[in-house]
1. Looking at Arg478, Arg438, can you tell me which residue is open to solvent by 60 Å² or more (accessible area, probe 1.4 Å) and part of a helix (DSSP H, G or I)?
2. Looking only at region 215-246, count every residue that is open to solvent by less than 50 Å² (accessible area, probe 1.4 Å) and touching an Asp or Glu at 6+ places or on another chain (Cβ under 9 Å) and tell me the total.
3. Considering only residues of region 69-93 that are over 13 Å from Ala39 (Cβ atoms) and within 16 Å of the ligand (Cβ to nearest atom), which is surrounded by the fewest Cβ atoms within 10 Å (Cβ to Cβ)?
4. Can you work out which of the residues in region 133-147 that are farther than 19 Å from Phe388 by Cβ and crowded, with 21+ Cβ neighbours inside 10 Å is nearest to the ligand (Cβ to nearest atom)?
5. Leu178 passes all but one of (1) open to solvent by 10 Å² or more (accessible area, probe 1.4 Å); (2) of a type in the set (A, V, I, L, M, F, W, C); (3) touching a Gly at 6+ places or on another chain (Cβ under 6 Å); which number fails?
6. Only residues in region 83-97 that are free of Cβ contacts under 8 Å to residues at least 24 places away in the same chain and more than 11 Å from Glu107 (Cβ to Cβ) count as the first member; pair them with residues that are more than 14 Å from the ligand (Cβ to nearest atom) and open to solvent by 10 Å² or more (accessible area, probe 1.4 Å), Cβ under 7 angstrom, at least 6 apart or cross-chain, and list the lot.
7. Can you tell me which residue is surrounded by the fewest Cβ atoms within 10 Å (Cβ to Cβ) among those in region 481-513 that are touching a residue at least 40 places away in the same chain (Cβ under 8 Å) and among the hydroxyl-bearing types (Ser, Thr, Tyr)?
8. As an exercise: evaluate Arg714 against (1) at pLDDT 85 or above; (2) closer than 21 Å to Asp469 by Cβ; (3) open to solvent by 80 Å² or more (accessible area, probe 1.4 Å) and give the number of the one condition it does not meet.
Amino acid sequence: MQAQGVATAQVEVKVRIEDILNRMERYRPELDEDLLRHAYVFAANRHQGQIRRSGEPYLTHPLTVAWILADMELDEETVAAGLLHDLLEDTETTAEEIEVEFGPEIERLVTALTKMADFESSYSSREATEAENFRRLLLASVDDLRVILIKLADRLHNMRTLVFLRRDRQIAIARETLDIFAPIANRLGIGSIKVEMEDLCFRYLHPKEAEKLDHEIEDRKEAADRWFAEIHGVLGGLLEENGIEGSIHGRIKHLYSIFEKLKRQGVDVANVFDFLAFRIIVSTVADCYAALGLIHQQWPPVPGRLKDHIAIPKPNAYQSLHTTVIGPEGHPFEIQIRTDEMNKIAEYGIAAHWSYKERGSHAPAEDSRVAWLRALLDNSEGSSPREFIDSLKVDLYPDEVYSFTPRGDVFSFPNGATVLDFAYRVHTQVGHTCVGGRINGRWVPLKTEIVNGDIVEITTSKKQRPHHDWLSIVGTNRARSKIRAWLKREEKARAVEVGRKLVDRELRKLGTSLRSASGSDELAGVIRAGGYPNEDDLIAAIGFGKIPVATLTTVFRKDGEAPAEEEDLTRKKKPAPASKNDHALEVSGDADFLVYMAKCCKPLPGEEIVGFVTRGKGVAVHSRSCPNVRNLLYHPEREIEVQWAPTAPATRAPTSQVDVDMSFNDSSGILASISQAISTEGSDILSCRLRTDPNDTGFAAMTIVVRDKAQLTRILSRLQDLKGMLRVERRGQTGASP
Ligand code: MN
């Protein structure tokens, strides 16, 4: 019952090849013993003389990894690859040798597990290389999930023996394991590995808290044991009287889950009964529900704590009934009820697929757990290593929110997902055109978070299209990648348009036009020379400002014509920097940039600002607090320092447009007060949209004209003070970081 401790690392029983073979014979009667003995002898020879940091022969590591895999009842190839997994990296052995000795299947597994030492890094940092290696590992795992299973076993043994490493390495490895490997084990449904990894990581990352919890549990162990016995007796009686066959297991929840629970609920550790749980394993689904009914008659259930993961399995295929009841002396405790098969899936997850199968068969591709991995990789296509790891971390959080379509289909989401995520889950096009929706019949905006049990209905409009700030609204990678892809396509379409105009204008100077040049041999030559797939891509490159327009037009120049026309054409398309809404701004180091105000946040003079170099369009200036800035910071290399010019132009007080959203109790007269408040401060309303919902709450979206931040602040506070005003907000500034 006691959780496994770090201390067990030193006393771990040595695994022998005979143990592995005996264990495997229990589930594979026609075991290919020769293959495994051969792998064992081969690995023993090659690792000869190598020592682990623990002082043990190196071979103990691959042997234990193979043992963990055998315990998950995996096939010969997987266990053999476990024995051989470190050969390519740590010995002189080559992939060809492994192929000759053990065949191509095992060679592929071992190669996929070997770090890409020869990987030519186009990124300077170690982090980026690791991210890339990791992506390759996952890619290989999509083809053959056994790769990630072996990697998990490898990491599990390394965690068990972490005590021998330096403290800083311990922390780094434990962190990575807790952030990435334990959640992967969870997503693949391998509860046994997830739980052990979490507890080990917890002990290294929070040694004091772990020790304290150990003591507190130990102190209450006697009371807990008495209590276990009592409940066990009652449960056993209940099942027997009603003719249900099953086994009952009492346990202390694993340490890390107790820690998380304490953190989440602020529960007092004194109440150890919160940490006790029972599991009942029966033979049929009908028995699960029958047992649940009996338990609820015996002890009252805590409302809201019944979870039917049999009817609605978790995304990792986990199935079980969970309930919390008020037990003797008023102590609440949790009971899980499941069948044998469900229990096996809960412990071994996707690995359970291999258990009853013929050699060499893989997990079915339609398995939701494989689908998850594939979707993760699809969605990360084209992202930077940093983005990849970030999105991986997001995706690894177990889906915890279950919501429904009006037809009753179930969609699960990570916490924090919004109506917009839901729309993208329904269909990409529904996402692109989503304007909001109804949750349980009430109208809600796009950014509304979904909570458990919500029935969500999406509203679309043909006029709607994705916006940049949507990236900060969505909580799923799927939605984010769809929005990004759309924005990219849109950007390119715009670049093609700009490029066409530029090219056509220059060609006309040379007595031809884009229309007549299109499809010509000369143009085809330029496209080929630049390696562009087609004409549009070449034109887009010009529109983005990646290459000068002359790259294309030169070939149409008649011989002898002076290249005098070939001035910097990109400069020509720049409008005068002082367009009427743009205040005097300075870009540090280069006065020649085309600067414009970002439309999303329209920063005001005096506000903290930051510039981003856009592709071919100059420098976009955002307010520091603009939510889009956080998305743009994915590319910190594009950031550029900008500041307000010290002296504002004297001739005319420049103005900016600011969007303000308000909600208020819709009483007569409030609109008049709003408009008066704005004009009192010397500002004007440029446009205003109004809406009233059935509860008589009014909403106004206004665009007003202001001179500077101080004036805006005065206006906002005047509006806020109006009688009946509920909320005043400058658009584009919600959720901004402080
Ligand atoms: Mn290893």
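The values are calculated or read from the model by the stated rules, or taken from the named source; none is laboratory data. Everything numeric in this text was worked out from a predicted model, so none of it was measured. Because the Cβ atoms are built from the backbone with ideal geometry, glycine has one as well, and the counts that use them run over all protein chains shown. Note: areas computed on protein heavy atoms with side chains; ligands, DNA, RNA excluded. Shrake-Rupley method; radii C 1.70, N 1.55, O 1.52, S 1.80 Å.
1. Working: Arg438 fails: part of a helix (DSSP H, G or I).
Among Arg478, Arg438, only Arg478 is open to solvent by 60 Å² or more (accessible area, probe 1.4 Å) and part of a helix (DSSP H, G or I).
2. 4
3. Only one residue fits best here, namely Glu89.
4. Initial filter on region 133-147 (farther than 19 Å from Phe388 by Cβ): 144-146.
Of the ones still in play, those that are also crowded, with 21+ Cβ neighbours inside 10 Å are 145-146.
Numbers: Leu145: 18, Arg146: 15 Å.
My answer is Arg146.
5. (3)
6. none
7. In this case the residue turns out to be Thr512.
8. (2)
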